[in-house]
2 protein chains.
Amino acid sequence: MSFRKVRNAHKTENTEDYLELIAELLNSKGEARIVDIANELSIAQATANKTIQRLHNQGFIKKQPYRSIFLTVKGQQIASKSKKRHNTVLKFLMNLGIDQKTASADAEGIEHHVSEKTLKKMEKFNSAKKIV
Amino acid sequence: MSFRKVRNAHKTENTEDYLELIAELLNSKGEARIVDIANELSIAQATANKTIQRLHNQGFIKKQPYRSIFLTVKGQQIASKSKKRHNTVLKFLMNLGIDQKTASADAEGIEHHVSEKTLKKMEKFNSAKKIV
DNA sequence: ATAGAAATATAGCCATAGCTATATTAATTA
DNA sequence: TAATTAATATAGCTATGGCTATATTTCTAT
Ligand SMILES: [Mn+2]
Ligand SMILES: [Mn+2]
Ligand SMILES: [Mn+2]
Ligand SMILES: [Mn+2]
């Protein structure tokens, strides 16, 4: 049963990372460009472009050809939920005593495999610690 | 930087799950059959067969056509390391207060994204708690 | 205004992991 | 032993996400 859940998580995690990153870029730079996404993810621009097309087809993204990218409401919802969850996991790892760099790296993968129940426990753990 | 690490983890995690499972089957039933692997992973037998062929080509598995499967030394090493890590993560989640079922499901995904440093912290946390 | 640079898009390739349908071999049972 | 059932293998399809090379469009500077 668990393996099926993990496979489902893997289907959505690339989407989650893209949407979270796009939201961050929109927030910090005012626009999200494919070239920035490719840089942040350390992938080729053609790869980023292809995935962006998929996200557009799936209704997560608004865009015009050759223009920068925006989130639909559907996309925003996933982005903000993912960001919150990411932050909880990151703080949790740091509260466990892990250095910021390692915690960042691990959180990037772990975040997609944390259930609601586990997330609640992490939040509780964070509340009892320094980094909240 | 982190995203590249996560992608690398995803490249190896299916391999790790297969080898860990094969080791378990060899241990409990004396042999590992493709039909059992497919059942445990909740995938079609053809899919399991194809991945087993890949693992064979990559030197993790010994096999004869139409016969059950064994691990090479290389395969055994990854299996035992993965099993140990899996166990640490599972115990850690349970020590955090998560029920066994949820902890099992989450551990199946999280295990592949845990660095050596984080693993050490989890072990330390486990030592201070009940479930070791 | 236009040439060159930068960004985006597309084409065509690879690997992986899913699936169903079908063929082949092995194991069981009548 | 022969027929049936079970297991394994193969073929052919889909989707995803990597890559490089090249085309197209937009932006920037001269
Ligand atoms: Mn994230
Ligand atoms: Mn992530
Ligand atoms: Mn796993
Ligand atoms: Mn993962």
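Go through the stretch A:112-132 and count every residue that is within 9 Å of chain B (Cβ to nearest Cβ), touching a residue at least 12 places away in the same chain (Cβ under 8 Å) and assigned to a helix (DSSP H, G or I).
Matching residues across the stretch A:112-132 total 4.
If you take the residues of the stretch B:81-97 that are without any contact (Cβ under 8 Å) to a residue 24 or more places away in the chain and part of a helix (DSSP H, G or I), which of them is nearest to the other protein chains (Cβ to nearest Cβ)?
Once the filter is applied, the top-ranked residue is B:Leu93.
Can you tell me which residue is farthest from the other protein chains (Cβ to nearest Cβ) among those in the stretch B:24-57 that are outside any helix (DSSP H, G or I) and charged (D, E, K, R)?
B:Glu31
Condition test on B:Lys29, is it within 22 Å of B:Asn87 (Cβ to Cβ) and either under 15 Å from the mean Cα position of the chain (by Cα) or not assigned by TED's automatic domain parsing to the domain that holds B:Ser115 (or both)?
In short, yes.
For the stretch A:14-31, check the following and say yes or no: at least one residue is of a type in the set (S, T, N, Q), in contact (Cβ under 8 Å) with a residue 60 or more places away in the chain, buried (at least 20 other Cβ atoms within 10 Å of the Cβ) and away from DNA strand C (no atom under 16 Å from the Cβ).
no
Exactly one of these conditions fails for B:Lys74: (1) free of Cβ contacts under 8 Å to residues at least 24 places away in the same chain; (2) outside any helix (DSSP H, G or I). Give me its number.
(2)
If we keep just the residues of the stretch A:6-23 that are away from ligand 3 (no atom under 16 Å from the Cβ) and not acidic (Asp, Glu), which is farthest from the other protein chains (Cβ to nearest Cβ)?
Result: A:Ala23.
Of all residues in the stretch B:98-111 being assigned to a helix (DSSP H, G or I), buried (at least 22 other Cβ atoms within 10 Å of the Cβ) and within 7 Å of another protein chain (Cβ to nearest Cβ), which is nearest to DNA strand D (Cβ to nearest atom)?
If we take residues in the stretch B:98-111 being assigned to a helix (DSSP H, G or I), buried (at least 22 other Cβ atoms within 10 Å of the Cβ) and within 7 Å of another protein chain (Cβ to nearest Cβ), then B:Gly109 is nearest to DNA strand D (Cβ to nearest atom).
The values are calculated or read from the model by the stated rules, or taken from the named source; none is laboratory data. No experiment lies behind these values; they were computed from the predicted model shown. Please note: Cβ atoms are built from the backbone with ideal geometry, for glycine as well, and neighbour counts cover all protein chains shown.
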